[in-house]
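The values are calculated or read from the model by the stated rules, or taken from the named source; none is laboratory data. Since this is a predicted model, take the numbers as computed values, not measurements. All Cβ positions, even for glycine, are placed from backbone atoms using ideal geometry, and neighbour counts span all protein chains on display. Note: accessible area is taken over every heavy atom of the protein model, side chains too, but ligands, DNA and RNA are not part of it. Shrake-Rupley method; radii C 1.70, N 1.55, O 1.52, S 1.80 Å.
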Amino acid sequence: MIKDFKGTIICASKYFDEKQLRKIYDQGYHDFGENRVQVLVEKMNKLKDLDINWHFIGHLQSNKVKEVINDIAFLHTLDRISLAKEIQKHANHKIKCLIQMNLTEEDQKSGLYLDKLPQFLLEIKKYDKIELIGFMTMGKDEDEIKTNEVFKKLYDLSQTYKLPLLSMGMSNDYELAIKHHATHLRIGRKFYDLLN
Ligand SMILES: *Cc1c(COP(=O)(O)O)cnc(C)c1O
């Protein structure tokens, strides 16, 4: 489906029901990413016979942390210290986390603003249940130039701070993400190609 990519393709599962997800799994995709806590819990339960790595890729409300934090392989959307605090309270092992960055500075999007990153990295050290492993971001819709900049910036951050995982690139912009060394693509609608 996506050629010449050596990293991990995460299927953004929000578009698909149980039957479709089983088909996708059978095609060799074993990393799924869900956006909503309630839906994640339901899908995990329905698919518990499969060996899936579950990624949480949506905004995580602090009061929902305890429902999923010990069952996911990766959290892609750590974007505030208050969330880290909640994770510290409920995690029973170290949780692999990516820092979600808001690099397009669109207020309606979640993610940490760039100017807040140094302080965030200092404060996060207190929380030993957080294992920082990378960065996540989203491009800007219909704006290839901005998206290119944003993906390049995320790569630079991963070099600067030595956090190697790069979760970026969706159905529309994964080629740009690959160009900028994405390690994890989050692909949703493009999976319909595989189901049809
Ligand atoms: C839905 C979603 C995706 C995948 O979107 P497509 O454009 O359908 O590939 C990726 N990341 C996040 C956070 C999403 O919510």
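Brief remarks on what is shown
- Screening the range 58-117 for residues that are within 19 Å of C11 (Cα to Cα) and assigned to a strand (DSSP E or B) and picking the one that is most open to solvent (accessible area, probe 1.4 Å) gives K96.
- Restricting the range 159-196 to residues that are more than 10 Å from the ligand (Cβ to nearest atom) and on the phi > 0 side of the Ramachandran plot leaves a set whose member that is most open to solvent (accessible area, probe 1.4 Å) is K162.
- Boolean, G33 is small (G, A, S), part of a loop (DSSP other than H, G, I, E, B) and within 13 Å of the ligand (Cβ to nearest atom): no
- Test: G134 is touching a helix residue (DSSP H, G or I) at 6+ places or on another chain (Cβ under 9 Å), within 16 Å of the ligand (Cβ to nearest atom) and not in a strand (DSSP E or B): no
- Restricting attention to the range 81-115, the residues that are in contact (Cβ under 8 Å) with a residue 40 or more places away in the chain and among the basic types (K, R) add up to 1.
- First in the range 167-196 and charged (D, E, K, R), second anywhere and part of a loop (DSSP other than H, G, I, E, B) and within 8 Å of the ligand (Cβ to nearest atom), Cβ under 7 Å, 6 or more apart: R186/I57; R186/M170; R189/S171; K190/S171
- Residue within the range 139-149 that is free of Cβ contacts under 8 Å to residues at least 40 places away in the same chain and touching a strand residue (DSSP E or B) at 6+ places or on another chain (Cβ under 9 Å) present: no
- In the range 41-57, residue farthest from L185 (Cα to Cα) [restricted to those that are within 16 Å of the ligand (Cβ to nearest atom) and open to solvent by 20 Å² or more (accessible area, probe 1.4 Å)]: K43
- Matching entry among D156, D143 (being open to solvent by less than 80 Å² (accessible area, probe 1.4 Å) and within 16 Å of the ligand (Cβ to nearest atom)): D143
- Candidate set from the range 9-30 (those that are open to solvent by 40 Å² or more (accessible area, probe 1.4 Å) and of a type in the set (S, T, N, Q)); member that is farthest from the ligand (Cβ to nearest atom): Q27
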